[in-house]
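One structure below.
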Amino acid sequence: MNKVICITGASTGIGAATARTLAEGNTIYLHYNSSEKPAHEVAESVTASGGIAHLIRADLTTEAGCVQLTAELKKHTSKLDVLVNNAGGLLRRNSIVEGLEWELMEETFRLNTFSTMLLTSLCQPLLQEGNDPCVINISSIAVRHGAPSATIYGACKGAVDTFTRGAATELAPGIRVNAIAPGVIATPFHEKVSTPERMKQFAEKCPLKRNGQADHIASAVRFIMENDFLTGETIDINGGLFMR
Ligand SMILES: NC(=O)c1ccc[n+]([C@@H]2O[C@H](COP(=O)([O-])OP(=O)(O)OC[C@H]3O[C@@H](n4cnc5c(N)ncnc54)[C@H](OP(=O)(O)O)[C@@H]3O)[C@@H](O)[C@H]2O)c1
């Protein structure tokens, strides 16, 4: 494909699977923050599959981190074909009833929403130079219905969906902007915030009676990249847990 791709949060889970899926023939900028060893393993696997991998570390909960990531990209490349705004997560479950914590709300928005918005804007000049350039934001099923003690996280991703439509309008016709809303996907995300019992309950609730795998989302990233008539859309991939 010979694409220049930047994937944020490429050290584990969905980001790592996306990097592995897109590796062959592409140059991939793999962003990570704290998972250095897994990030290096992803880079090795991209190289082994015939891709070129560059690692960039940045804390995306800060403006400085987003600026630094973009500056690193600009040092190495004069164009970007694909930006996958994937870094994110539910930092901790926090119930409205028990009392919301301001700092946690702020950090959740900084990681999931502000970084997506700012990186899209900062990378826009690089994307303008790309070939059928596109931005792919990772949203969540939490937007569609309440998730247990994850209301703020759901609201963050709701803002990502709204931003996706606005950015798709503003950046058209040159740059396409879409999002993917994963259902429950078995990744390190849940190791931090969902017990094995809760994971079983999620699977039981799902019409397909299972949780998803990171590859289910990675293949959707490829689909969006390859479909040049798609913009402003959020694609739900959740085993039927939410149906429109
Ligand atoms: N798994 C699910 O069920 C599910 C469902 C819906 C949506 N999602 C979304 O899918 C995306 C990927 O999640 P995942 O399931 O693959 O989880 P994951 O394995 O925990 O991956 C999260 C990624 O985000 C990065 N990250 C976390 N904090 C960061 C920070 N402060 N600065 C920069 N990067 C940071 C992590 O990098 P380091 O580890 O290197 O710090 C990691 O690469 C997230 O946006 C998540 O909200 C997941």
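In table form, for the structure just shown:
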quantity: Net +/- balance of residues flanking residue 3 in space, Cβ distance below 14 Å, scoring K and R +1, D and E -1; calculated: -3
quantity: Relative contact order for the stretch 1-47, counting Cα pairs under 8 Å that sit 6 or more residues apart, in percent; calculated: 44
quantity: Helical contribution to [θ] at 222 nm, DSSP H n ≥ 4, -39,500 (n - 2.57), averaged over the chain, rounded to 500; calculated: -14000 deg cm²/dmol
quantity: About the Cα centre, charge dipole magnitude for the chain (Lys/Arg +1, Asp/Glu -1 at Cβ), debye; calculated: 460
quantity: Residue order, fewest to most beta carbons within 10 Å, for 21, 12, 164; calculated: 21, 12, 164
quantity: Unit Cα scatterers, Debye sum, the stretch 75-150: log10 I(q)/I(0) for q = 0.11, 0.20, 0.22, 0.26 Å⁻¹; calculated: -0.39, -0.88, -0.99, -1.21
quantity: Selection from 27, 184, 156 lying farthest towards where the dipole of the chain points positive, charges on Cβ; calculated: 184
quantity: Distance violations [Cα-Cα > 22 Å] among 37/79; 3/75; 3/74; calculated: 37/79
quantity: Length-normalised contact order for the stretch 111-216 - Cα pairs under 8 Å, 6+ apart - percent; calculated: 27
quantity: Eligible lysines near residue 209 by straight Cα distance, threshold 21 Å, same-chain separation 8 or greater; calculated: 200
quantity: Relative contact order [Cα under 8 Å, 6+ residues apart], the chain, whole percent; calculated: 19
quantity: Residue 185 long-range amide H proximity, modeled H, under 5 Å; calculated: 212
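No value in this document is a laboratory result; all are computed from the given coordinates. Predicted model, so just to flag it, every value in this text is computed and none were measured. Methodologically, a virtual Cβ is constructed for each residue, glycine included, from the backbone with ideal geometry; neighbour enumeration extends over all protein chains shown.
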